[in-house]
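Take a look at this one; I'll ask things after.
The values are calculated or read from the model by the stated rules, or taken from the named source; none is laboratory data. Here the structure is a predicted model, which means the values were calculated and not measured. For neighbour counting, all protein chains shown are included, and Cβ atoms are generated from backbone atoms with ideal geometry for every residue, glycine included.
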Amino acid sequence: MQEYLKYSGIMLLLIIVQKTLIWLLAITSYEVTPDIVMIGLVYIGIKKGKITGSVSGFLSGLILDIFSFSFIGLMALSKASAGFISGFFYEETKMERYLNTYIFTIIVIFCSLINNIIYFTIYFQGTNLVFGDILFRYIVPTTVYTAIFSIIPIIFARRRRFAR
Amino acid sequence: MKTLLAYFGNLKEYIVFSALVLISIILIFQNDNIQVRFIRVIAVNVIGVIQTGFSVIPNVFELEKENKTLRETNINLSKELSFLKESKLENLRLNQMLEFKLRTNYRVVTGRIIGKTLIQTRNNITLNIGENDSVKVGMPVITEKGLVGKIVATSGNYSIAQILLNKDLKVSAKDQRSRVDGIISWDGQGKVLMKNVSKSSDVLVGDVIITSEYSNVFPAGIPIGYATTAGTLDNLFKNIEVECFVNFETIEEVFVLKYLSDDERRDLEKKYKEKTK
């Protein structure tokens, strides 16, 4: 239970940062920002499995939707899907390896890609953008940017391991 | 049950995920922005395509219902068709009769046959016209094709007529071509014969037989039928088989000619007969 509360706290913190400070890191003319909530979500998915991953994704997505004041449910759907997929990498024996190596970045790329495809494809429905535009302007840059940020927890984890 | 629970236990991750997706979709569709409207259009199209695909699979219950409705419609249409066919035939018959009515010099009353016997030796028809329609005993009954018979009994609204297929009815007749005389009568076994035709008379197959002016009941010149044999010998006379123009099996409407024999002539002939006895 304590563990779940810890994860909830981390996710809440990440959501607040995502909604308040992350715009400072926006790049390109399309204001692409990293998705740090996704990094936390993948971490939980690998640690706790599909159910926890999808529920965490759904709740965090819903909170993000509420904060964005538009299109309630879209981020919940994309994050729940990404969290569920991250749960596929839940394995007791390989968990440390997945979380402390660059495999984590690969998993983040994979899950972030799923999340962004769902989110941006639906988000830009009804506009003049074709899927190619959406892919190269938003999906790929956001995924790459998020993947770069996913290296930070790996570095921290390694340092902690060396310190021990 | 345990197996079932175990099976669903294995699927719980997917069930939870499906539920979350469902909730998300419901939430998405609660929005009313341009994206959702666009998605709704796509969803309607997709559902339409899927429904079109499924529509090729017949719905057994719907088919049964449809079959029942079609059967009922079929019966109703058959009834209607039968009625229309009947009306068409009646129309044709009445048209022919109307033409004849306009052609004939006699005043006529149109009647419908409401009773008919054809399998006895004395066959009659019952008509739906009677004394109230000025029908009297002795009046000839005809159709546009030819002679049918004569009225033998009447009531206010009905009348009975002897037809040519009746042993009691004798009609004075003649060959239209050769003017040879004879008496038309029914043999009671299926043949209408022209009797009393002298052995040497000129009657050929196909000659038209008509009523003669010697008849005290029928006006002269009404077609009766045509000769089908040149004649079989019966002592000094020969019997000629005649095929009637009127088909008594299918006849439905007739005319009664308002024609009665001349009383003076009838009385004279009667007196002479009594004198010679």
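Is there a residue being surrounded by fewer than 18 Cβ atoms within 10 Å (Cβ to Cβ), under 15 Å from residue B:217 (Cα atoms) and touching a residue at least 24 places away in the same chain (Cβ under 8 Å) anywhere in segment B:113-134?
no
Output the residues belonging to segment B:27-42 that are facing chain A (nearest Cβ under 7 Å) and hydrophobic (A, V, I, L, M, F, W, C).
Result: B:27, B:28, B:34, B:38, B:39.
Select, from B:258, B:238, the only residue that is charged (D, E, K, R) and over 30 Å from residue B:99 (Cα atoms). Break it down stepwise before answering.
Details: B:258 fails: over 30 Å from residue B:99 (Cα atoms).
Among B:258, B:238, only B:238 is charged (D, E, K, R) and over 30 Å from residue B:99 (Cα atoms).
Collect the residues in segment B:187-203 that are more than 35 Å from the chain's Cα centre (by Cα) and in a strand (DSSP E or B), keeping them in residue-number order. So that I can check it myself, show each step before the final result.
First pass over segment B:187-203, keeping only residues more than 35 Å from the chain's Cα centre (by Cα): B:196-203.
The answer is B:196, B:197, B:198.
Residues to consider are B:178, B:215, B:172, B:198; find the one that is hydroxyl-bearing (Ser, Thr, Tyr) and modelled with pLDDT of 90 or more. Before the answer, list the steps.
On the way: B:178 fails: modelled with pLDDT of 90 or more; B:215 fails: modelled with pLDDT of 90 or more; B:198 fails: modelled with pLDDT of 90 or more.
Selected residue: B:172, the only one of B:178, B:215, B:172, B:198 that is hydroxyl-bearing (Ser, Thr, Tyr) and modelled with pLDDT of 90 or more.
What pairs can you find where one residue is in segment B:246-265 and in a strand (DSSP E or B), the other is acidic (Asp, Glu), and their Cβ atoms are less than 7 Å apart, with a gap of 6+ or different chains?
Taking only residues 6 or more apart or on different chains, not a single pair turns up.
While we're on this one: Would you check if residue A:71 is within 14 Å of another protein chain (Cβ to nearest Cβ) and not in a helix (DSSP H, G or I)?
yes
Only one of (1) closer than 27 Å to residue B:96 by Cβ; (2) in contact with a helix residue (DSSP H, G or I) (Cβ under 9 Å, 6 or more places away or on another chain) is not met by residue B:155, so which one is it?
So residue B:155 meets the others, but not (1).
Check segment B:12-21 and report whether any residue there is surrounded by 10 or more Cβ atoms within 10 Å (Cβ to Cβ), among the aliphatic types (A, V, I, L, M) and closer than 30 Å to residue B:143 by Cα. Reasoning before the result, please.
From segment B:12-21, those surrounded by 10 or more Cβ atoms within 10 Å (Cβ to Cβ) are B:12-21; that's our starting set.
Those still in the list that are among the aliphatic types (A, V, I, L, M) too: B:15-16, B:19-21.
Narrowing further to those that are closer than 30 Å to residue B:143 by Cα: none.
Scanning segment B:12-21, I find no residue that is surrounded by 10 or more Cβ atoms within 10 Å (Cβ to Cβ), among the aliphatic types (A, V, I, L, M) and closer than 30 Å to residue B:143 by Cα, so the answer is no.
Across segment B:220-236, which residue is surrounded by the fewest Cβ atoms within 10 Å (Cβ to Cβ) among those that are hydroxyl-bearing (Ser, Thr, Tyr) and at pLDDT 80 or above? Working first, answer last.
Of segment B:220-236, the ones hydroxyl-bearing (Ser, Thr, Tyr) are B:226, B:228-229, B:232.
From what's left, at pLDDT 80 or above: B:226, B:228-229.
Numbers: B:226: 18, B:228: 14, B:229: 16.
Looking at residues that are hydroxyl-bearing (Ser, Thr, Tyr) and at pLDDT 80 or above, I get B:228.
Also: Consider residue A:8 carefully, then state whether it is out of contact with any Phe, Trp or Tyr (no Cβ under 6 Å at 6 or more places or on another chain), within 24 Å of residue B:27 (Cβ to Cβ), within 12 Å of another protein chain (Cβ to nearest Cβ) and of a type in the set (Gly, Ala, Ser). Spell out the reasoning first.
Working: out of contact with any Phe, Trp or Tyr (no Cβ under 6 Å at 6 or more places or on another chain): yes; within 24 Å of residue B:27 (Cβ to Cβ): yes; within 12 Å of another protein chain (Cβ to nearest Cβ): no; of a type in the set (Gly, Ala, Ser): yes.
Spelling it out, it is not the case that residue A:8 is out of contact with any Phe, Trp or Tyr (no Cβ under 6 Å at 6 or more places or on another chain), within 24 Å of residue B:27 (Cβ to Cβ), within 12 Å of another protein chain (Cβ to nearest Cβ) and of a type in the set (Gly, Ala, Ser).
Tell me yes or no: at least one residue of segment B:261-272 is surrounded by 14 or more Cβ atoms within 10 Å (Cβ to Cβ) and either under 21 Å from residue B:124 (Cα atoms) or hydrophobic (A, V, I, L, M, F, W, C) (or both). Step through it out loud before you land on a result.
Within segment B:261-272, the first condition is being surrounded by 14 or more Cβ atoms within 10 Å (Cβ to Cβ), and the residues that meet it are B:261, B:266.
Within this subset, residues satisfying the condition of being either under 21 Å from residue B:124 (Cα atoms) or hydrophobic (A, V, I, L, M, F, W, C) (or both) are none.
No, the conditions are met nowhere in segment B:261-272.
What's the total number of residues in segment B:208-239 that are within 32 Å of the chain's Cα centre (by Cα) and either at positive phi or assigned to a strand (DSSP E or B) (or both)? If you could, list the steps in order and put the result at the bottom.
Looking only at segment B:208-239, we keep the residues that are within 32 Å of the chain's Cα centre (by Cα), and these are B:208-211, B:217-229.
Pick out the ones that are also either at positive phi or assigned to a strand (DSSP E or B) (or both) and you get B:208-211, B:221, B:223-227.
Residues flagged as within 32 Å of the chain's Cα centre (by Cα) and either at positive phi or assigned to a strand (DSSP E or B) (or both) within segment B:208-239 amount to 10.
Picking from A:106, A:122, A:148, A:155, which residue would you name as being closer than 29 Å to residue B:42 by Cβ and either at pLDDT below 85 or not polar (S, T, N, Q) (or both)? Break it down into steps so the answer makes sense when it comes.
Numbers: A:106 fails: closer than 29 Å to residue B:42 by Cβ; A:148 fails: closer than 29 Å to residue B:42 by Cβ; A:155 fails: closer than 29 Å to residue B:42 by Cβ.
Exactly one of A:106, A:122, A:148, A:155 is closer than 29 Å to residue B:42 by Cβ and either at pLDDT below 85 or not polar (S, T, N, Q) (or both), namely A:122.
Pick from A:96, A:91: which is among the charged types (D, E, K, R), at negative phi and assigned to a helix (DSSP H, G or I)?
Numbers: A:91 fails: assigned to a helix (DSSP H, G or I).
So the residue among A:96, A:91 that is among the charged types (D, E, K, R), at negative phi and assigned to a helix (DSSP H, G or I) is A:96.
Condition check: farther than 13 Å from residue A:41 by Cβ, surrounded by 19 or more Cβ atoms within 10 Å (Cβ to Cβ) and free of Cβ contacts under 8 Å to residues at least 60 places away in the same chain. Does residue A:101 satisfy that? Break it down into steps so the answer makes sense when it comes.
Working: farther than 13 Å from residue A:41 by Cβ: yes; surrounded by 19 or more Cβ atoms within 10 Å (Cβ to Cβ): no; free of Cβ contacts under 8 Å to residues at least 60 places away in the same chain: yes.
Here the answer is no, as residue A:101 does not meet what is asked.
Hey, any hits in segment A:43-65 for a residue that's within 12 Å of chain B (Cβ to nearest Cβ), assigned to a loop (DSSP other than H, G, I, E, B) and touching a Gly at 6+ places or on another chain (Cβ under 7 Å)?
Yes; the residues of segment A:43-65 include at least one that is within 12 Å of chain B (Cβ to nearest Cβ), assigned to a loop (DSSP other than H, G, I, E, B) and touching a Gly at 6+ places or on another chain (Cβ under 7 Å).
Can you report the number of residues in segment B:134-161 which are over 19 Å from residue B:100 (Cα atoms) and not in a loop (DSSP other than H, G, I, E, B)?
Total meeting the criteria: 7.
Among A:116, A:100, which is closer than 20 Å to residue A:15 by Cβ, more than 14 Å from every other protein chain (Cβ to nearest Cβ) and of a type in the set (S, T, N, Q)?
Working: A:100 fails: closer than 20 Å to residue A:15 by Cβ.
Every option except A:116 fails the conditions.
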